[in-house]
Amino acid sequence: MLPSPDATQPLMPVRRLHNYAYCPRLFYLQWVENIFVENADTVAGSHTHRNTDRASPLLDSLDLETRDNHRSLALSSQILGLTGVVDLIETTEDGREIIDYKNGSARRDPESGERIAKENDSLQLAAYALLLEEANLPVDRASVYYASERSRVQVELNEGLFEQCRRTLDEARSVAESGTCPPPLLDDPRCLHCSAYPVCLPKESSFWSSSDSAPIAEKDAPRPQGDEGEIVVVQNPRAMVSCRGGEIQVRLKGEVVTKHPIHQVQSVYLYGGVQVSTQAVHSLLSRHIPIGYFSPAGRFLGMTSGLPQSGVDARLGQARLFENRELRASVARESIRAKVHNQRVLLMRNGRAPKNVLAELARIRDRCSIQTDLDSIRGLEGAAAALYFEHFGTMVCGSEFEEFEFEGRNRRPPRDPINALLSQGYSILAKELAGISHAVGLDPYLGFFHQPRYGRPALALDLMEEFRPLIADSVAISLINRKELTPSDFQFTAKGVFLNDEGRRQYWRSWFRRLDTEVRHPQFDYRMSYRRMLDVQARQFWRFCRGEAPRYQGFTTR
């Protein structure tokens, strides 16, 4: 057995030992990386514990010799290096019994068919028994209450189980101290019920860490769960955003205009001088819900977000990547290759570009794959952008408004409606990926293609390159071609052309529609929304920075 843990080290919660027995990778993500994702099972588990989760009594004031039940008893041990909260200690004439509440159901013994406790549940009870024994509060029995079956399953507390518990604790501590995340489980049914699945991405992680670039069949790669949630957009400068009764409320002149349950909110976007209460900020930060700030004209200014869930290893790797021009070029050429490919696909689908232009874009795309110098990659990206925007107008068709004629890309400020739409889309996309980068543990301001400068989320700009044509450009084309906007939805000023309030409302409707559009993944062959795809690509880059993947693969459409 390993020596007792250093007293200066944090005590490991018993529930993390439970995680390790279930899956070492889950344990590492939650204990070392501090990544915890809610899903229906974890919410149901919290609901199951609602009757036992009361203020923990002090050990000094406990009288366990009485026949009273004691709930939510907090325990800790420097010798074991453990801390935990026992759900219930029940005292009867036959002695004391630990009862732990679980939301699921018991296992069936393959031979006898009897209901038995799961191994990780048994180890958790053994850990509680060891903690109580050290506190001179020994117990006689232990059982798990499985809420879905509404019944208890006895766990035999014996020396074999205690030894297995100590051995598992030593293994978990060694994994935590190694600094290396364990590999994912493969073809394991436990993954389908794991709350960390959207972050762990077992099949995808295995693919990214392999040198083999062969696609994964859909049957071998379960589709990642989507990011459900509502984006609250507030653009009236006289509005006030507050939080009351578990709801994000938008008020105008003291009257509640809209209410949104906070657990259903994914992010909040504020335009101009919208006010937000401190209570709302605290509630949003505690749930890792970002607040994005935009100028009245739609330019992304910044965001308020809580601490990232994880980041030390990835940020150190990201810094090393930035210092290594060869590594930066390897990521940049793949990102720009994917961007040029997607630009070409969009022109082929929606435009009337000559064949020689499409052939030249294909040639530039293929040349990107072999470049080893950042300046050369930037040159190819610029050449492709010039060709693409030269023929961008061929994708805008059927408009009777001369204001919607496109004569080339311009910005800062945009001088025509289509460029205003493109700038709006790029600004929102930068915000989306800045928030995702921060959330997964990356530095949004340290990129591999764009040079960092004050106030510029270079990494977000890098990650959005391959999505510019597929999301932002596609939304602009759709709004014009479907006649969802007219010149009256824009402000034409000496300082440029911008969407007005009504135009932005229509823009957001189209934007959400596009992000919810499902597309087939080029490597994994399953379908997912563009919103989820942004997260998957950011997590792939996160793994590359941590050294878990030998390369970065850009997203391309077919």
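The values are calculated or read from the model by the stated rules, or taken from the named source; none is laboratory data. Predicted, not measured: the structure shown is a model, and the values here were computed from it. Cβ: placed from backbone, ideal geometry, glycine included. Neighbour counts: every protein chain shown.
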Restricted to the stretch 390-416, and to residues that are assigned to a helix (DSSP H, G or I) and either out of contact with any Pro (no Cβ under 7 Å at 6 or more places or on another chain) or basic (Lys, Arg) (or both), which residue is surrounded by the most Cβ atoms within 10 Å (Cβ to Cβ)? 392
Which condition does residue 249 not pass, out of (1) polar (S, T, N, Q); (2) out of contact with any helix residue (DSSP H, G or I) (no Cβ under 9 Å at 6 or more places or on another chain); (3) free of Cβ contacts under 8 Å to residues at least 24 places away in the same chain, if it passes all the others? (2)
Residues that are within 32 Å of the chain's Cα centre (by Cα), of a type outside the set (Gly, Ala, Ser) and surrounded by fewer than 16 Cβ atoms within 10 Å (Cβ to Cβ): does the stretch 151-170 have at least one? yes
I'd like the full set of residues that are assigned to a strand (DSSP E or B), crowded, with 20+ Cβ neighbours inside 10 Å and not β-branched (Val, Ile, Thr), limited to the stretch 268-294. 269, 270, 271, 292, 294
Give me the residue from the stretch 350-389 that is surrounded by 14 or more Cβ atoms within 10 Å (Cβ to Cβ) and of a type in the set (Asp, Glu) and, out of that set, nearest to the chain's Cα centre (by Cα). 381
Neighbours by Cβ (under 6 Å, 6+ apart or cross-chain): first from the stretch 312-331, closer than 22 Å to residue 376 by Cβ; second loosely packed, with under 15 Cβ neighbours inside 10 Å and modelled with pLDDT of 80 or more: 329/372
Output for Cβ contacts, cut-off 9 Å, separation at least six or different chains, first residue modelled with pLDDT of 85 or more and surrounded by 14 or more Cβ atoms within 10 Å (Cβ to Cβ) in the stretch 512-534, second aliphatic (A, V, I, L, M) and assigned to a loop (DSSP other than H, G, I, E, B), reads 534/464
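Every residue, every condition in (1) touching a Gly at 6+ places or on another chain (Cβ under 9 Å); (2) over 19 Å from residue 469 (Cα atoms); (3) at pLDDT below 90, yes or no:
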residue: 321; (1), (2), (3): no, yes, yes
residue: 327; (1), (2), (3): no, yes, yes
residue: 337; (1), (2), (3): yes, no, no
residue: 372; (1), (2), (3): no, yes, yes
residue: 376; (1), (2), (3): no, yes, no
residue: 392; (1), (2), (3): yes, no, yes
